[in-house]
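The values are calculated or read from the model by the stated rules, or taken from the named source; none is laboratory data. Quick caveat: nothing in here was measured; it's all calculated off a predicted structure. Please note: Cβ atoms are built from the backbone with ideal geometry, for glycine as well, and neighbour counts cover all protein chains shown. For accessibility, only protein heavy atoms count, side chains too; no ligands or nucleic acids. Shrake-Rupley method; radii C 1.70, N 1.55, O 1.52, S 1.80 Å.
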Amino acid sequence: MIYEDLKGKKVLVTGSSSGIGVATAKMFAQQGCFVGVHYFRTKAGGEKTLEEVKKLSDGCLLAADMRDKEQVVRLIKDFVKQAGGIDVLVNNAGTLIERQDFADATTEYYEDVFATNVKSAFLASQAALEELKKSKGCIVNIGSVAGHNGGAKGSGLYSAAKAAVATMTIAMAKEFAPFGIRVNSVMPGLIETRFHEQFSTAERRKAVAKQTPLGRNGRAEDIAKAILFLASNAAEFITGEYIAVNGGLYMRA
Ligand SMILES: NC(=O)c1ccc[n+]([C@@H]2O[C@H](COP(=O)([O-])OP(=O)(O)OC[C@H]3O[C@@H](n4cnc5c(N)ncnc54)[C@H](OP(=O)(O)O)[C@@H]3O)[C@@H](O)[C@H]2O)c1
């Protein structure tokens, strides 16, 4: 066990039917947490994650479209009912959806990419707030290095949405600090998950690995480790902060 204090915590990981969310759900379960596994379209992925979680600890399976307020409110309510509260909310659900350049991007795409990546984290955090006040819990938002550097071709609106997640993290950290709630974010670089199988060629992934100072692309577990650190007491005096996990591909002073 890495973080003893996480034992018994009630953790909801949105988007844990695939990629980073799966690794995160499993790592929290390894610490003895009760884990809420959430999916939207990939039910089989969610079921598989819960199976793994149950081998290590306990948890439950929940479904919701994170763009929809009613569904998100119900998701949080269901989790709280089954877990008996909430200590950690990981706002991980999100995606690029597809690549669109600004020149011909549609307003439908604009709305969808912001709803999927920003509105989702806003709705879940708002719905969980009263319970997080009780537990003096924490929120970890998943941004992206694209939110800093504008991302690769066709990901401009996604990058803008992830930049909004970064600023929302700081603003929430300020507003929720008086309640003892910490809010931080993790900014992944290129992580080998379904995301890049869908949106990047094998050549591009290879090229990025080559440019990366640490010599490889990220793994979902690399992100999960940073999330667990931020959720643990090891980060008890850290709020409104981000950890970039990208092998040194993007550094700044
Ligand atoms: N992989 C990377 O290189 C990378 C880099 C920077 C940031 N990120 C961010 O990291 C997070 C996880 O990405 P990943 O790489 O693990 O991608 P992934 O394997 O494609 O998983 C995305 C997850 O988000 C869920 N999701 C997507 N749209 C949703 C919606 N409308 N409502 C509810 N859930 C929704 C998916 O659920 P279903 O499949 O069940 O629908 C899935 O569980 C995302 O926020 C992504 O933007 C990833």
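The table below lists the values:
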| item | result |
| --- | --- |
| Sole exception among (1) surrounded by fewer than 17 Cβ atoms within 10 Å (Cβ to Cβ); (2) in contact (Cβ under 8 Å) with a residue 12 or more places away in the chain; (3) more than 10 Å from the ligand (Cβ to nearest atom) for Arg194, by number | (3) |
| Residue that is modelled with the highest pLDDT [pool: residues in segment 147-174 that are open to solvent by 30 Å² or more (accessible area, probe 1.4 Å) and among the charged types (D, E, K, R)] | Lys174 |
| Segment 133-146 - residue that is more than 27 Å from Gln100 (Cβ to Cβ) and surrounded by 24 or more Cβ atoms within 10 Å (Cβ to Cβ) and, of those, farthest from the ligand (Cβ to nearest atom) | Gly137 |
| Residue in segment 168-184 that is closer than 20 Å to Leu228 by Cα, within 14 Å of the ligand (Cβ to nearest atom) and of a type in the set (Gly, Ala, Ser) present | no |
| Test: Ile243 is at pLDDT 95 or above and either away from the ligand (no atom under 14 Å from the Cβ) or open to solvent by less than 30 Å² (accessible area, probe 1.4 Å) (or both) | no |
| Scope segment 197-225; condition crowded, with 16+ Cβ neighbours inside 10 Å and modelled with pLDDT under 95; matching residues | Phe199, Ser200 |
| 1 or more residues within 30 Å of Gly156 (Cβ to Cβ) and either in contact (Cβ under 8 Å) with a residue 60 or more places away in the chain or open to solvent by less than 50 Å² (accessible area, probe 1.4 Å) (or both): qualifying strands (runs of 3 or more DSSP E) within segment 31-119 | 34-39, 88-91 |
